[in-house]
Each structure stands twice: as structure tokens, then as C-alpha cells.
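Engineer: Please find one structure pasted underneath; my questions will follow.
The values are calculated or read from the model by the stated rules, or taken from the named source; none is laboratory data. Nothing here was measured: the structure is a model prediction, and the numbers come from that model. Virtual Cβ from ideal backbone geometry, glycine too; neighbours counted across all protein chains shown. For the accessible areas, the whole protein counts, side chains as well, though only heavy atoms, and no ligand, DNA or RNA atoms are used. Shrake-Rupley method; radii C 1.70, N 1.55, O 1.52, S 1.80 Å.
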Amino acid sequence: MKKIRQTLPLLTLPLAALAAGCTSPTAANDSAHELHDMLDRHQITALVDRLGRALDEGRFDDLRAIYTADATAKTPGGTADGRDALITQASRNHTDDKQIQHFISNVIVDLRGDAADVRANLIAIFGPAANESIPQPQYTLGEIYRFDAVRTREGWRLARVETTPIWSTGTRP
């Protein structure tokens, strides 16, 4: 077994040399571009994830690091122009007397240089605030999230959010 462990790295050298010889400058540039795109998509998806957490936990100041200063929102909770108005709207719609949990999935990011179109599915479940027992959901809403994302000096930020309700069940609190 010891001989195999010592010999194995030597056996991989020809494969590494072959792979290096097959990599052209164009392929290297393509790989670097693909890696850059993957990182951008990851950072944008993380923004969407952080948005869900901020809304679930009432961390509305976190929205300052998620949205641009001139961001707009159009949701069932209203329309807002500018990050401060967006934060006011979010805090008005996500109060301590109710719990809302956001399930965001299937995030698709279409990059366009320093901008991106983002689409995701959203299921929002509404219930009363928890007291001594776990409350029952009162209302469930299925929506499509659409975002515009832009690269800023601080990193990627969301510049627009719009939701399209698809279905609901129960009575909205």
C-alpha cells in the first residue's frame, strides 16, 4: 500500500502534462470567464437568500446591503421607490404580530455584464406570532420573484424587485 501511495503522484504527472498541453489560451480565457460568471451568480443568489432571511427575521437594516439606494419594489404589499421607502414598506408588512416565512427556490440568474435578470419561486407562509404554542399557518402565497441586479462598487445589489402572485390559500392576515 505504501508503494502505491508513493507511486500514484508519479502516475498522474503524464495526465497533468497532457491536460496542460491541451489547454489553449482561448480555453484558459473561457475557463476564467466561466469561473467569473459562476462567482457572480453565487453572489447574486446569496443576495436573494439574505433577502429572505432579513424579511423572516425582521432585520430590515440588512436591506441596505441588499438593495441599491434607488431600488424599486412592486409587491402585493405595495409599491416603493427608493431603498428607504422599500425598507419602510417591508417593516410595515412584516410586523411582530405575525410570522412570515419565505421559501425561495429555483433562482435563475441571467448575466448581462454588470447587470443581471433574476427569477425565483417564492412561497410565503403567514401565521400569527408565536406565543406559548406553535401557531397554525393562516395564509400561504405562491409567487414569482423577479429582480434586476447590478454590480456596484460595494458588490452586487438588487435594483428592482417585483412579485407576481400565482396562487394562494387561506385568509391573508
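Engineer: Can you pull the accessible area of Asp148 for me, 1.4 Å probe, Å² to the nearest 10?
Structural biologist: 50 Å²
Engineer: Set the Förster radius R0 to 22 Å, insert the Cβ-Cβ distance between Arg92 and Asp117 as r into 1/(1 + (r/R0)^6), and round the FRET efficiency to 0.05.
Structural biologist: 0.20
Engineer: Over what distance in Å are the Cα centres of region 139-167 and region 30-102 separated?
Structural biologist: 7 Å
Engineer: Could you pull out every residue, at least 5 positions away or on a different chain, whose amide H is within less than 5 Å of the one on Tyr67? Hs are placed 1.01 Å off N in the peptide plane, and Pro or chain starts have none.
Structural biologist: Correct list: Leu158.
Engineer: Oh, and also: Between Ser31 and Ala85, how many nm apart are label points set 7 Å from Cα along the C-beta direction?
Structural biologist: 4.9 nm
Engineer: Still on this model: Round to a whole number: what % of the accessible area of region 93-159 belongs to carbon and sulfur, probe 1.4 Å?
Structural biologist: 47 percent
Engineer: Let me ask something else. Using a 1.4 Å probe and ignoring any ligands, DNA or RNA, find the accessible area of Arg151 and quote it in Å² to the nearest 10.
Structural biologist: Probe radius 1.4 Å; accessible area of Arg151 about 80 Å².
Engineer: Ordering Trp167, Trp156 by accessible area with a probe of 1.4 Å, largest first, what comes out?
Structural biologist: Working: Trp167 115, Trp156 10 Å².
Solvent-accessible surface, decreasing: Trp167, Trp156.
Engineer: Continuing with this model, one more query. What size of dipole, in debye to the nearest 20, comes out for region 96-168 about its Cα centre when the only charges are +1 on Lys and Arg C-beta atoms and -1 on Asp and Glu C-beta atoms?
Structural biologist: 280 debye
Engineer: Starting from the residue with the highest accessible area, list Leu158, Leu39 in decreasing order, probe 1.4 Å.
Structural biologist: Highest to lowest solvent-accessible surface, that is Leu39, Leu158.
Engineer: Can you run phi through the Karplus equation (6.51, -1.76, 1.60; θ = phi - 60°) for region 157-167 and list ³J(HN,Hα) in whole Hz, with x for Gly and Pro?
Structural biologist: These are the phi-based 3J(HN,Hα) values: 9, 8, 9, 8, 9, 9, 10, 10, x, 10, 7 Hz.
Engineer: Using only the heavy atoms of the protein chains and a 1.4 Å probe, how would Glu34, Glu132, Glu162, Glu143 rank by accessible area, largest first?
Structural biologist: Glu132, Glu34, Glu162, Glu143
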